[in-house]
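Asks: One structure, as structure tokens, below. Some questions next.
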2 protein chains.
Amino acid sequence: MTESGNMFSHIPPDLPAELFETLAHKGTVRIERILSHGQATPEGEWYDQDRDEWVLLLAGSAGLLFDGEPELRRLTAGDYLMIPARRRHRVAWTAPNETTIWLAVYIDG
Amino acid sequence: MTESGNMFSHIPPDLPAELFETLAHKGTVRIERILSHGQATPEGEWYDQDRDEWVLLLAGSAGLLFDGEPELRRLTAGDYLMIPARRRHRVAWTAPNETTIWLAVYIDG
């Protein structure tokens, strides 16, 4: 864990899998950087988390689907949203030709 | 408070004072957007907070001084750092010619 840094630094040229890095961890809160490069949640699978997640997309783009919503939400740089605990969702796609940089703030209930 | 949005949207053309907006609030955590345009902490004053603050600069630039450190830390887009509770600090300057956009995550101890 680093106490300071830059969200756009140390981007690996190849990302065969998504990369999760903890930037800060205090009490019930963990802040992560997530790097994606074309990855998506496996078909038919959902995230179903027991904690709230606030997410901000900093670079790239992604399609986020919430269970029960008819349409994907397309996220681009600067877009943020709260994903409440137990709200089933999946990442349908991330940009195939660039690195998508996420900031995630996980908040234990 | 909004559950979703974009960090770069709704930037007022004039900012006579810094603008603080709560983006999310869950349990002990509050996430804010702060907009600055040339403002700084008044000379001789320090922030001395009773909670941790994780801060990320998204646009613009700023000079942050920690009490006891000889030099300012210059922050530009993407720079983040943890400001622990009780760590005295001040914003020495923010860019005078553009809007500086901060994300702040406040974590109660």
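Asks: Search the structure for amide H atoms under 5 Å from the amide H of B:Gly38, placed 1.01 Å from N in the peptide plane, and list their residues when 5 or more places away or on another chain.
Replies: Excluding prolines and chain starts, which carry no amide H, the hits are B:Thr94, B:Ala95, B:Thr100.
Asks: Hey, another quick one. Given Cβ point charges of +1 (Lys, Arg) and -1 (Asp, Glu) and nothing else, what value in debye, to the nearest 20, does the dipole of the protein assembly as shown about its Cα centre take?
Replies: About 100 debye.
Asks: In whole angstrom, note down how far apart the Cα centers of region A:35-50 and region B:1-39 are.
Replies: 29
Asks: Kindly provide the pair-distance distribution of the protein assembly as shown built from C-alpha pairs, with 5 Å bins from 0 and whole-percent values in order of increasing distance.
Replies: In whole percents, the pair-distance histogram is 1, 7, 14, 19, 19, 17, 11, 7, 4, 1, 0, 0.
Asks: Using a Gaussian network for chain B with springs between C-alpha atoms less than 10 Å apart, which of these wobbles most: B:Asp50, B:Asp14, B:Asp79?
Replies: Residue with maximal mean-square fluctuation among B:Asp50, B:Asp14, B:Asp79: B:Asp14.
Asks: Tally up the carbon and sulfur contribution to the accessible surface of the protein assembly as shown as a whole percent, 1.4 Å probe, everything protein left in place.
Replies: Answer for the protein assembly as shown is 50 percent, counting heavy atoms of protein chains only.
Asks: Which FRET efficiency value, to the nearest 0.05, is calculated for A:Ala17 and B:Glu98 with the Förster distance at 30 angstrom and r the Cβ-Cβ distance?
Replies: Working from the Cβ atoms, E equals 0.20.
Asks: Put simply, what bits of region B:70-88 lose 50 Å² or more of accessible area when the other protein chains are there, versus the chain on its own (1.4 Å probe)?
Replies: Buried on complex formation: B:Tyr80, B:Met82.
Asks: Might you report the magnitude of the Cβ-based charge dipole of chain A about its Cα centre, with Lys and Arg at +1 and Asp and Glu at -1, to the nearest 20 debye?
Replies: Roughly 200 debye for chain A.
Asks: Could you report the buried accessible area between A and B, both sides summed, computed with a 1.4 Å probe and given in Å² to the nearest 100?
Replies: Roughly 2400 Å² of accessible surface disappears when A and B pair.
Asks: Given Cα pairs under 8 Å that are at least 6 residues apart, what percent is the relative contact order of region B:6-88? Please report the intermediate quantities before stating the final value.
Replies: Values: 110 pairs, mean separation 20.3, N = 83.
It rounds to 24 percent for region B:6-88.
Asks: Add +1 for every Lys or Arg and -1 for every Asp or Glu among the other residues with Cβ under 9 Å from the Cβ of B:Ile34, and state the total.
Replies: -2
Asks: Accessible area per residue for the protein assembly as shown in Å², computed with a 1.4 Å probe and the full protein assembly in place, what is it?
Replies: Roughly 48 Å² per residue, with all protein chains present.
Asks: Pick out, from B:Met7, B:Gly38, A:Thr28, the residue whose Cα sits farthest towards the positive end of the charge dipole of the protein assembly as shown, with +1 on the Cβ of Lys and Arg and -1 on the Cβ of Asp and Glu.
Replies: In the protein assembly as shown, that residue is A:Thr28.
Asks: How far, in nm, would the chain grow between A:Asp67 and A:His10 when pulled straight, counting 0.36 nm per residue and subtracting the alpha carbon separation?
Replies: 17.2 nm
Asks: Put a label point 7 Å from Cα along the Cβ direction on B:Glu21, then list its distances to the equivalent points in the other copies in nm, shortest first.
Replies: So the label point of B:Glu21 gives 2.9 nm to the other copies.
Asks: Evaluate the Debye formula for region B:21-107 with equal point scatterers sitting on the alpha carbons, no solvent, and hand back log10 of I(q)/I(0) at q = 0.26 Å⁻¹, in q order, two decimals.
Replies: For region B:21-107, the Cα-only Debye profile gives -1.46.
Asks: If I build a Gaussian network model for chain A, linking alpha-carbon pairs within less than 10 angstrom, which residue out of A:Ile83, A:Ile31, A:Ile11 has the largest mean-square fluctuation?
Replies: A:Ile11
The values are calculated or read from the model by the stated rules, or taken from the named source; none is laboratory data. Given the structure is predicted, the values throughout are model-derived calculations rather than measurements. All Cβ positions, even for glycine, are placed from backbone atoms using ideal geometry, and neighbour counts span all protein chains on display. SASA here: full protein model, heavy atoms, side chains in, ligands and nucleic acids out. Shrake-Rupley method; radii C 1.70, N 1.55, O 1.52, S 1.80 Å.
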